[in-house]
Amino acid sequence: MTRSLREVVKEYMSERRVHKYRLVTKDGRCNIEFGNVMHRNRFAYVLDIWTTFVETRWRFVILYFVASFTLSWFIFGLLWYWIARDHGDLKWQNPPENNTACVYSVNTLTYAFLFSLETQATIGYGNVYVTDVCPGAVALIIIQSLIGTIINCFWCGVVMAKIALPKKRAKTITFTDQAVICPKKGTLCLQIRVANLRKTLMIGSQIYGKLLRTTVTPEGETIILDQVSIDFMVDAGKDSLFFVCPFTLYHVIDKTSPFFDMAVDTLHQQEFELVVFLDGTAESTSSSCQVRTSYLPQEIMWGYDFLPIISRSKEGKYRVDFSNFAKVVPVPTAHCAYCYHNEAGHHHHSISGIDNQGFEVIDIEMPNVTKM
């Protein structure tokens, strides 16, 4: 029991450590913070107030929404109360019986607040109205109506923009949590599976990747988050994909690939992060969106392949079985890319001495060479 609890705690701490040092989370958020930002640069968020509100969390948007309307009602209520007080319409001022008030029935602060709310919300209950004896009251009701319309339009735009954010569409595009390395079409490939959970297409989809790692230049300069481009392809190419069903992305591990020098027993000892991007335009809304995810060395499985998920029924319909979306099976795979391509003198031999049942030895036949 104690050992089991220790293992659970160890696994939990390992997951927290992986999440902490990951730049891009599995759902595409960037794990980065900005420090020592100058005050004049912070003022730029106020100048770009529209984007600031659109990117604000919903809980704060609702808070600002309620606060803006309530505050505007109260401020204009004070102005209506000041107009009634200046004209002598309040109860404690004992106006004469033949007095024509600026605003009929506004003789307390509560009535002034209610009239402000009714004016801005265009309710109009009928027993509270502006008379023609105070030009200032006529001007104030025009000003409040205009400001109330601006506030309504602003918040309607913010809510609609937040609902229609492209990142909401990205929630229905999912990647597998694990990547695999195995042979594909006569070469060693790193594979990732992606699926569109909606039947509407992503038009003009493009897929690419970035390998993030820390490198040291020949001059001794340390570059943190050095980016190396990773090309991904599918059977139909890499541009303008027909994203109607799940497909498998693959990156060819050749001599130009940063994975070429890695082997099965050294892969998990590496320090890098593979970030995969999918850009496209939603067919239903015509809005561009980007889907991101990332893979650490511990999330790449060497010697495994994804199970097939697309089949065809007797009725002629194509069926996608998402129960096998992330399932993998062991396949015969070379120990390293050098071994697969039979690069003499560069074979990586296991140094850990741990057997992996998912790997098998592949015999590569050497072509017959005729000596002259």
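The values are calculated or read from the model by the stated rules, or taken from the named source; none is laboratory data. All of these numbers come straight from a predicted model, not from anything done at the bench. We place every Cβ from the backbone using ideal geometry, glycine too, and count neighbours over all the protein chains shown. To get the accessible areas, we keep the full protein, side chains included, count just its heavy atoms, and leave off ligands, DNA and RNA. Shrake-Rupley method; radii C 1.70, N 1.55, O 1.52, S 1.80 Å.
Some points to look at:
- Using the Cβ-Cβ distance between Val234 and Phe74 with R0 = 51 Å, the FRET efficiency computed as 1/(1 + (r/R0)^6) comes to roughly 0.30.
- For the pair Glu118 and Ala139, the difference between a 0.36 nm per residue extended length and the Cα-Cα distance amounts to 5.9 nm.
- Virtual paramagnetic centre 7 Å along Cα→Cβ of Thr25, amide N under 14 Å, in region 136-179: 171
- Near Thr222, once Lys and Arg are set to +1 and Asp and Glu to -1 for all other residues with Cβ below 15 Å from its Cβ, the sum equals -3.
- Cβ-Cβ FRET estimate between Arg312 and Phe43, R0 fixed at 51 Å, reported to 0.05: 0.30
- Estimated vicinal HN-Hα couplings, Hz - region 200-206 in sequence order (Karplus 6.51, -1.76, 1.60; Gly, Pro = x): 6, 7, 9, 7, x, 5, 10
- Potential lengthening between Lys167 and Gln93 on full extension [0.36 nm per residue; Cα-Cα distance subtracted]: 20.7 nm
- Probe 1.4 Å, protein heavy atoms only - accessible area per residue of region 71-201 in square angstrom: 55
- Rg to Rh quotient for region 168-342, alpha carbon positions, Kirkwood Rh: 0.99
- Whole-percent carbon and sulfur share, accessible surface of region 168-342, 1.4 Å: 51
- Separation in nanometres of the label points that stand 7 Å from Cα toward Cβ, at Ser287 and Arg319: 3.5
- Centre separation in Å (Cα based) which lies between region 164-216 and region 140-155: 47
- Simple spin-label estimate for Thr187 and Val331 in nanometres, 7 Å along Cα-Cβ: 1.5
- Looking at region 211-280, the accessible area is 52 square angstrom per residue; that uses a 1.4 Å probe and ignores ligands, DNA and RNA.
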